[in-house]
Ligand SMILES: Nc1ncnc2c1ncn2[C@@H]1O[C@H](COP(=O)(O)OP(=O)(O)OP(=O)(O)O)[C@@H](O)[C@H]1O
Ligand SMILES: [Mg+2]
């Protein structure tokens, strides 16, 4: 029993192997667009990057600091709107607009923090939802500023140039792929830096026991707000990226509650409070939701030959499985949470510990 | 010189006076035993002193500084650290990381903190448990972890709330020795304990609380021979 505990403490430590493997994966991903030009596949990859950025960002506040915000759509939307508003209303290129988004997210985070951090546990969760909803309603009801329910449509991105040379004109998905490939490892790096610094220790102490942390000299207000600001700014980066990729923002697509829930799910599925949990979560959730959306299940069933697409039942499957994707998605998520309460990564770790424990 | 002065401290929970007009002083480097029956208000007094909540009335003076209204983190930074009666390990962190959190109160360097934490683990003889998860420790080691963790904050004064509670005699003896070692380092201590023998052995002075009020104060001999104390407290056993 005690060897088991010792090993699990050992495994959570960092190792050079992880760093080397991570760099190798990144290098491999860099050359993918030379071989894969299929826009749909690139689209899936971009969504995985985006989801990783969102998950890693939330993880710093939720996973490491234990403050389960279900209002991160507020920061995602802030980044998305700031970038779009600068682009469409002020003709400012997104790579400058992003900074406006980051600054706005900082302000929004400090305001939200000053309200929500008065509360603990479930009350904090409810407050985070409420405050994000208020921000969504403001965005919806201030059309002079945000275009309200109509949203903002990008009429085109200016080409990205360095010293007069056009690097890209954003006519394909490839530049977005590389943006995602730059940002996702960046958020992983930030998480790694946090975990291996005083901040990480203090965040986790707050997560494990706020009163104990407080009595050990940790200012709860200060460190919760630091975690929130890091988390919110990275989330806003994800929002900006999403906005320029899709070219359209409106309150339901960038500010709604289901985005906040989606962000939390990435971490819960992958493994809360771990560096690679959100990556795993994205690798599971993005393909899953895409498969369900594009009715992959029905076509797989037809492929097995058990049911013909022309039969009555086949028609029923074809019509209904596509519409039921949210339901099936939900059921699968519940199953994962039930059987792997610590996420896929936690589950794999436990398996590894059992193996090693058995050998020792 | 008095390092800690408690002046007319009262704490009310609704109508209940958990502490009622408690006053005493504690000299630098001494061990003060704080005893009294269950519900006497001992933990409440610790909470008032360390800023967990402010006293309803009265003053807490530490090193000549008025502490009322200071948050627990500030109190810790000023050199006063407490353990919890109901232990509060950071369950998913390793034993070493738990102690490092305490050490990081005074340094930004993980290396320094880790060295300091390892030193404290040696003091409580838990260096071989450094990489274990704190959540999996048995109660005796959890109590020692609490002590190592507060020691790592490099306090001038320690408030220990029933660190021997639930321990077997051998473990208690180890803690008694530990408390005496800490005294040897010049750290002032206030110790809540139900084990009379232990408290008599380690305390320079003893304060007895009963129903929130200070019933008696004196050295161990005075306390054991105080008829009021015997009636209210010792007589119960
Ligand atoms: N937060 C609180 N709210 C209301 N009543 C409280 C609170 N904390 C303590 N009390 C009450 O105050 C009284 C003193 O409690 P306290 O925990 O200080 O006693 P104690 O001397 O530490 O007892 P024990 O030896 O059992 O630890 C008790 O009657 C308790 O029920
Ligand atoms: Mg108590």
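The values are calculated or read from the model by the stated rules, or taken from the named source; none is laboratory data. Keep in mind the model is a prediction, meaning the values are calculated, not measured. Here the Cβ is made from the backbone with ideal geometry for all residues, glycine too, and neighbour counts use every protein chain on show.
For the condition away from every other protein chain (no Cβ under 14 Å), surrounded by 20 or more Cβ atoms within 10 Å (Cβ to Cβ), within 16 Å of ligand 2 (Cβ to nearest atom) and more than 16 Å from residue B:6 (Cβ to Cβ), residue B:199 qualifies.
Can you find a residue in the range A:213-220 that is touching a strand residue (DSSP E or B) at 6+ places or on another chain (Cβ under 7 Å) and more than 19 Å from residue A:336 (Cα to Cα)?
Within the range A:213-220, one or more residues are touching a strand residue (DSSP E or B) at 6+ places or on another chain (Cβ under 7 Å) and more than 19 Å from residue A:336 (Cα to Cα).
Which ones in the range B:13-34 are touching a strand residue (DSSP E or B) at 6+ places or on another chain (Cβ under 7 Å) and near ligand 1 (Cβ under 9 Å from one of its atoms)? If the condition is that a residue be touching a strand residue (DSSP E or B) at 6+ places or on another chain (Cβ under 7 Å) and near ligand 1 (Cβ under 9 Å from one of its atoms), then B:17, B:18, B:19, B:34 are the ones that fit. The helices (runs of 4 or more DSSP H) found entirely in the range B:160-230 that carry 1 or more residues being within 14 Å of ligand 1 (Cβ to nearest atom) and in contact with a strand residue (DSSP E or B) (Cβ under 7 Å, 6 or more places away or on another chain) are B:196-202. Look at (1) modelled with pLDDT of 80 or more; (2) outside any helix (DSSP H, G or I) and you find that residue A:309 fails only one, number (1).
Exactly one residue out of B:131, B:88 is without any contact (Cβ under 8 Å) to a residue 60 or more places away in the chain, at the interface with chain A (Cβ under 8 Å from one of its Cβ atoms), within 25 Å of residue B:46 (Cα to Cα) and assigned to a loop (DSSP other than H, G, I, E, B), and it is B:88.
Would you confirm whether or not the range A:222-234 contains a residue that is within 9 Å of chain B (Cβ to nearest Cβ), crowded, with 23+ Cβ neighbours inside 10 Å and closer than 30 Å to residue B:147 by Cβ? No: zero hits.
Only helices (runs of 4 or more DSSP H) whose full extent lies in the range A:24-118 are considered here, and the ones with at least 3 residues that are in contact with a strand residue (DSSP E or B) (Cβ under 6 Å, 6 or more places away or on another chain) are A:73-90.
Residue B:122 is checked against (1) closer than 28 Å to residue A:195 by Cβ; (2) away from ligand 1 (no atom under 16 Å from the Cβ); (3) within 13 Å of chain A (Cβ to nearest Cβ) and fails just one. What number does that condition carry? Every listed condition holds for residue B:122 apart from (3). Here residue A:184 meets the list (1) more than 14 Å from every other protein chain (Cβ to nearest Cβ); (2) buried (at least 19 other Cβ atoms within 10 Å of the Cβ); (3) under 30 Å from residue B:113 (Cβ atoms) almost entirely, failing just condition (3). So which of B:33, B:51, B:58 is surrounded by 22 or more Cβ atoms within 10 Å (Cβ to Cβ), more than 13 Å from ligand 2 (Cβ to nearest atom) and not in a loop (DSSP other than H, G, I, E, B)? The conditions single out B:33. For the range A:288-336, the set of residues classified as exposed (fewer than 14 other Cβ atoms within 10 Å of the Cβ) and under 28 Å from residue A:272 (Cβ atoms) consists of A:293, A:326, A:327, A:330, A:331, A:334, A:335, listed by residue number. Residues being farther than 27 Å from residue A:273 by Cβ, away from ligand 1 (no atom under 16 Å from the Cβ) and surrounded by 21 or more Cβ atoms within 10 Å (Cβ to Cβ) are entirely absent from the range B:83-101.
If you take the residues of the range B:61-74 that are assigned to a helix (DSSP H, G or I) and surrounded by fewer than 23 Cβ atoms within 10 Å (Cβ to Cβ), which of them is nearest to the other protein chains (Cβ to nearest Cβ)? My answer is B:73.
Taken as a whole, the structure places residue B:140 among residues that are modelled with pLDDT under 95, within 21 Å of residue B:189 (Cβ to Cβ) and in contact with a helix residue (DSSP H, G or I) (Cβ under 7 Å, 6 or more places away or on another chain).
Does residue B:14 meet the test of being more than 16 Å from ligand 2 (Cβ to nearest atom), away from chain A (no Cβ under 14 Å) and touching a helix residue (DSSP H, G or I) at 6+ places or on another chain (Cβ under 9 Å)? Here the answer is no, as residue B:14 does not meet what is asked.
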